[in-house]
Amino acid sequence: MSDKDDQGASIIRMLRRNGYMATPQRIAIGRFALNRQDHPTAQRIFSDVKKIYPTISLATVYKTLQILKEIGLIQELNLPRSQTRFDANTSPHIHLVCNGCGAIRDIKDSTLRDMIARVASIESFAVTAQHFDIYGTCQSCSRANNLETLRATART
C-alpha cells in the first residue's frame, strides 16, 4: 500500500471514528490539506480539489476543513493581514511569518514544548492549542528590498 493509500485510509478512519461520512471529496480535501507545507488557504485547497472534483463547492471545502480541525488533523491559523490558513503540523512549533510576501515557515524547537508545559504548570492551565508566531521579513523579501533600495539610490 502506498503512502497516499495509507493517508487516505487514515483520513477515512478519523472521519468515521468521529461520526462523519468519508466522502471522496472530504478525503481529497484532507489529502490536499495534509500534504501542503505552505499553510494553504481554503481558497487554494478549493482550487486544487476542484481540478479533480469540478462540482465541489467552496462551502464543502470550508466545512471539511472545520471537521479536519475538530478531529485534530489540522490547525487553523488566523494571522493578521492574512486570510485564514491551515497547517497540517499540529505539534507545538514556531511560525515565521513574512510581513512582505506572507510566507509562513515552520520552525521546530525542542525547547518550545518544555516552555509551554512549564508556563501551563505554573498557572495550572490545561493547554488545548498553541500558536507561536514571529513576524518579520524573509530572506527573499530582504534581498528584493535591498535591490530596490540600491536602484532608488542609483537613480538619485
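The values are calculated or read from the model by the stated rules, or taken from the named source; none is laboratory data. Every value quoted in this text rests on a predicted model; they were computed, and no experiment measured them. All Cβ positions, even for glycine, are placed from backbone atoms using ideal geometry, and neighbour counts span all protein chains on display.
Close contacts from the range 125-147, counting a first residue that is under 20 Å from Phe86 (Cα atoms) and a second that is part of a helix (DSSP H, G or I), with Cβ to Cβ under 7 Å and a gap of 6+ residues or different chains, come to Val127/Ile116; Val127/Ala120; Gln130/Ile116; Phe132/Leu112. Determine whether Gln83 is over 30 Å from Asn146 (Cβ atoms), outside the structural domain of Thr128 (by TED's automatic domain parsing) and touching a strand residue (DSSP E or B) at 6+ places or on another chain (Cβ under 9 Å). For Gln83, the condition - over 30 Å from Asn146 (Cβ atoms), outside the structural domain of Thr128 (by TED's automatic domain parsing) and touching a strand residue (DSSP E or B) at 6+ places or on another chain (Cβ under 9 Å) - is not met.
Yes or no, residue by residue, for (1) among the basic types (Lys, Arg); (2) assigned by TED's automatic domain parsing to the domain that holds Ser10; (3) surrounded by 13 or more Cβ atoms within 10 Å (Cβ to Cβ):
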residue	(1), (2), (3)
Lys69	yes, yes, yes
Gly72	no, yes, no
Thr128	no, no, no
Ser140	no, no, no
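In summary, Leu79 fulfils each of the numbered conditions (1) part of a helix (DSSP H, G or I); (2) surrounded by 15 or more Cβ atoms within 10 Å (Cβ to Cβ) with the single exception of condition (1). Residues that are under 29 Å from Glu70 (Cβ atoms), assigned to a helix (DSSP H, G or I), modelled with pLDDT of 90 or more and among the polar types (S, T, N, Q) within the range 93-144 comprise just one, Ser121. Looking only at residues in the range 13-46 that are of a type in the set (D, E, K, R) and not in a helix (DSSP H, G or I), the one that is surrounded by the most Cβ atoms within 10 Å (Cβ to Cβ) is Arg36.
Inside the range 81-94, residues that are out of contact with any helix residue (DSSP H, G or I) (no Cβ under 6 Å at 6 or more places or on another chain) and either polar (S, T, N, Q) or in contact (Cβ under 8 Å) with a residue 40 or more places away in the chain (or both) make up a count of 9.
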